[in-house]
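Participant: The structure follows.
The values are calculated or read from the model by the stated rules, or taken from the named source; none is laboratory data. As the structure is a prediction and not an experimental result, all values here were calculated from the model. Cβ sites come from the backbone with ideal geometry, for glycine too, and all protein chains shown count toward neighbours.
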Amino acid sequence: MTTATTAISLMDACCSRCTHSPQTPCAQYLDCRAHGPLCHTDPACTAALNARRDAAMHIATRPIIYVGAGTCGLAAGMDQVIPAMQKALTEHGLDVMVKEVGCFGLCHREPMLDVKKPGRPRVCFDHVDVKKALAIVTRYLVNDEVPADLSMGIIATPDAAPDSPEFALPNLYDLPVLVRQRRIVLQNCGLIDPDALDEYVARGGYGALAKALAAGDNGEMVLNEVLKAGLRGRGGGGFPTGRKWQLTRAQQNTPKYLVCNADEGDPGAFMDRSVLEGDPHRVIEGMLLGALAIGADHGYIYCRAEYPLAIKRLLHSIEELEGRGLLGDNILGSGFSFHLKVKQGAGAFVCGEETALLASIEGKRGMPRVRPPYPAQSGLWGQPTCINNVETFANVAAIVDHGGAAFASVGTERSKGTKVFALTGTIKLGGLVEVPMGMTLREVVFDVGGGILDDRPFKAVQIGGPSGGCLPTAMLDTLVDYDSLIAAGAMMGSGGLVVMDDKTCMVDLARFFMEFIRNESCGKCIPCREGTTRMLEILERIVRPYRDEDTEATLQRFKSVIMLEELAQVIRDTSLCGLGQTAPNPVLSTLRYFRDEYEKHVFERTCPAGACRSLLTFTVNAEKCKGCTLCARNCPAGAIWGASKQTHVIDQAKCVHCGVCMDVCRFDAVLAQ
Amino acid sequence: MSTQLCSCTQEKLREILAPFPAGRREMLIPVLQAVQETFGYLPEVTLDTIGAHIGVSPAKVYGVATFYNQFRLQPVGKHIVRVCRGTACHVRGSKLLLDAVGDALGVKPGETTPDGAFTLETVACLGACSIAPVVTVDGNFHGAVQTRGVGKMLDTYREKE
């Protein structure tokens, strides 16, 4: 076995007998790289390709260090660890390959780093700071001692010797957070170098494309498998993907376009970012299969500008695919052509709506239009266009590979497969999880997510972003599938799952979402533009202090609360697009499940969660106050007085309820009631 | 604001526009992004030239430039502070954090400090929810930021000048 240098890729020709190039495509190119050489028999070529396949599978003669270089890993401090570790490797004179991989999904353990020695399993380390990284280098790489106390587990590898001492460590996939997951979309995330096409191909990547092109039926097989799989759109609506493709395929008008919606604007959701950063080829392969099924020859990936790394990885992948003749004209000599471009969004939440997204690609303001006609009939520049979400595309290759029936065996009656969630908020094991449809919310939050941070009581889970809803403890046994969630007053959405403890105020949360929607409403239709502004005003009136309120304002406050639900119904029924139609959901769902909290705010003028500061009274606990004067010095209203080393007092007449005193106090001596 | 382009701005603008094919409406947003990348904002005087190149009226260019959150028509400070206002950050106190940053700088979101050192912005979600609440300064991520740590964080950027 030879060590392949990074310069030679599995995708390169084995010898001059291989004639594949974008100009002279070979139909067997992908099969050849997976099992070849196919067109000739030469032990030298077989050995060369096998060695390259081994290298792409990370079977090497020198150790490999994998660093989690997704946005979250870098943000958590990996950017400082990498140079320090590289310096240590040089000092020890170690010949080690450092690979950047995407996000594995265990965000609560970032920054993460794995080490794989030749013939050994991959050992994973979490919370790696510079000190720990240096310890790993010295102990594991230099002294060859398995640092069990530093590691969180191992991942088995094809070349690992069964007697490797690392096998004494637990298997990473047996961790509580991973054991109940089922990874289809995230299969490669965090394991492979997202910038290396050959690593994806060596793991069976683009095998589905080869299969679909070899079928020679213009994508009919792909369409049938997707229909059989019962795959539904992962972007939120849950429209059957196969049905959408069928509609676009049936259109006679050409050219047709295929668009990938990567404008993941839901606050609290980052599934698409992680997939694009960690395994971009999976999404692109899904798009190639989709394009084949609908007969599109041009495609766009509309990606948020806030995801610079995802865009960089996509552009790199597209360039590599074009160079290998896997994107462009006459792919693998099949006559099928597909050109793919990346379009950067410019920061407008409404562009996640399909017609607004198309307007934005055309260089216009991202405003939705009335449907019908649906994009399948008249989309980009009036041509038939099919729009799917990142995660939807990421499922397609697996469906074509293993068959629609296998995919449909996972999940519930009407929701098939798995769903990736971004589990965030006040949760212990936050991160990216992929669970089979039909799990209960309780299992997701408590079994997979490990429960609430600091073991505080669970209060609610917000699912589906600004279009979704908040579900309380009583609804925790709701199944995670499209229809059960809708029935419960929430929706699948794109997959943001924000968990909240008892310190979160539901009225404040509803106000937060309403403010978001008010800001993001494009202004085209009146119910959404004016209605969301009015709803926000009503919610703000509820949380505003009543001290300076006159009788008229009090009357307005009560009156508007009475009207809140009615206004919500009107916005829901009459708005032009999905953004407006679902805008009242956070308010309606909190009203449905947390009505008592609204009533406490309106009638008793208190906030049970202690979050709406303007309704709270701040006092100093004389027993805890040490008289450090910090609060008095920080009070913007000069409402706190007291001499040094004496108990301080807050003048309620002057207090502006900002809570700065509580934030700065080092002794928890400021109480809010 | 002057309505004339100074010759150096014009020269730069021509350089930016050169790789974009003329008369293609779908190039408008990429062009605006490229112009903002160079100047840090969209100088009002450039909008006419951009419109002429793309083949749409200045009003349409202005419409697009003001529709998207990414585009700014005012110059920004040396350092851009962005406080994430995503749900996960909100649940972990980003509203208070935003107020604290605003107080420390003496500006509201969208404004620039009088000395031109900092611009404060909010962002809907940076997708780094596991380290909420998040603040980025010049693209550097700061995770789990506490209100009392704001001053220190900003000082490190002040000192860099």
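Participant: Look through the range A:20-67, keep the residues that are closer than 30 Å to A:VAL128 by Cα, in contact with a strand residue (DSSP E or B) (Cβ under 7 Å, 6 or more places away or on another chain) and surrounded by 14 or more Cβ atoms within 10 Å (Cβ to Cβ), and return whichever of them is modelled with the lowest pLDDT.
Facilitator: A:ALA60
Participant: While we're here: So which residues in the range B:41-90 are within 17 Å of B:VAL137 (Cα to Cα) and in contact with a Leu (Cβ under 6 Å, 6 or more places away or on another chain)?
Facilitator: B:VAL81, B:VAL83, B:CYS84, listed by residue number.
Participant: Here's something else I'd like to know. Just checking, which of B:ALA65, B:ALA59, B:ALA22 is assigned to a helix (DSSP H, G or I), over 16 Å from A:ALA346 (Cα atoms) and within 14 Å of chain A (Cβ to nearest Cβ)?
Facilitator: Among B:ALA65, B:ALA59, B:ALA22, only B:ALA59 is assigned to a helix (DSSP H, G or I), over 16 Å from A:ALA346 (Cα atoms) and within 14 Å of chain A (Cβ to nearest Cβ).
Participant: I would also like to ask the following. Pull out all pairs, ordered by first then second residue, where Cβ-Cβ is under 9 Å, the residues are six or more apart or on different chains, the first lies in the range A:321-335 and is within 17 Å of A:ALA212 (Cβ to Cβ), and the second is among the β-branched types (Val, Ile, Thr) and assigned to a helix (DSSP H, G or I).
Facilitator: A:LEU321/A:ILE284; A:GLY325/A:ILE331; A:LEU326/A:ILE284; A:LEU327/A:ILE284; A:LEU327/A:ILE318
Participant: Just one of the numbered conditions (1) in a loop (DSSP other than H, G, I, E, B); (2) at the interface with chain A (Cβ under 10 Å from one of its Cβ atoms); (3) within 26 Å of A:CYS665 (Cβ to Cβ) is not true of B:ASP103; which one?
Facilitator: (1)
Participant: It is to be established whether one or more residues within the range A:343-356 are among the acidic types (Asp, Glu) and crowded, with 20+ Cβ neighbours inside 10 Å.
Facilitator: Looking for residues that are among the acidic types (Asp, Glu) and crowded, with 20+ Cβ neighbours inside 10 Å, one finds at least one in the range A:343-356, hence yes.
Participant: Hey, among B:GLY93, B:GLY139, B:GLY149, which residue is more than 7 Å from chain A (Cβ to nearest Cβ), at pLDDT below 90 and under 12 Å from the mean Cα position of the chain (by Cα)?
Facilitator: Criteria check complete, one pass: B:GLY139.
Condition check ((1) in contact with a strand residue (DSSP E or B) (Cβ under 8 Å, 6 or more places away or on another chain); (2) surrounded by fewer than 16 Cβ atoms within 10 Å (Cβ to Cβ); (3) not assigned by TED's automatic domain parsing to the domain that holds A:SER560) across all residues:
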| site | (1), (2), (3) |
| --- | --- |
| A:ALA622 | no, yes, yes |
| A:LEU630 | no, no, yes |
| A:GLY638 | no, yes, yes |
| A:GLY642 | yes, no, yes |
| A:LYS645 | no, yes, yes |
| A:ILE650 | yes, no, yes |
| A:MET662 | yes, no, yes |
| A:ARG666 | no, yes, yes |
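Participant: Next question, about the same structure. Identify the single condition in (1) crowded, with 18+ Cβ neighbours inside 10 Å; (2) under 16 Å from the mean Cα position of the chain (by Cα) that B:PRO30 does not satisfy, given that it satisfies every other one.
Facilitator: Here B:PRO30 clears every test but (1).
Participant: Taking the range A:563-611 on its own, how many of its residues are under 25 Å from B:LEU96 (Cβ atoms), among the β-branched types (Val, Ile, Thr) and outside any loop (DSSP other than H, G, I, E, B)?
Facilitator: 3
Participant: Right, something else. Can you list the strands (runs of 3 or more DSSP E) found entirely within the range A:451-560 that contain at least 1 residues being away from chain B (no Cβ under 11 Å)?
Facilitator: A:458-463, A:469-472
Participant: Follow-up. Tell me the helices (runs of 4 or more DSSP H) entirely within the range A:244-346 that contain at least 1 residues that are within 14 Å of another protein chain (Cβ to nearest Cβ) and within 30 Å of B:VAL35 (Cβ to Cβ).
Facilitator: In the range A:244-346, A:271-278, A:308-323 are the helices (runs of 4 or more DSSP H) which contain 1 or more residues that are within 14 Å of another protein chain (Cβ to nearest Cβ) and within 30 Å of B:VAL35 (Cβ to Cβ).
Participant: Give the residue, chosen from B:LEU32, B:LEU42, B:LEU17, that is within 11 Å of chain A (Cβ to nearest Cβ) and either in contact with a Pro (Cβ under 8 Å, 6 or more places away or on another chain) or aliphatic (A, V, I, L, M) (or both).
Facilitator: Result of the check over B:LEU32, B:LEU42, B:LEU17: B:LEU32.
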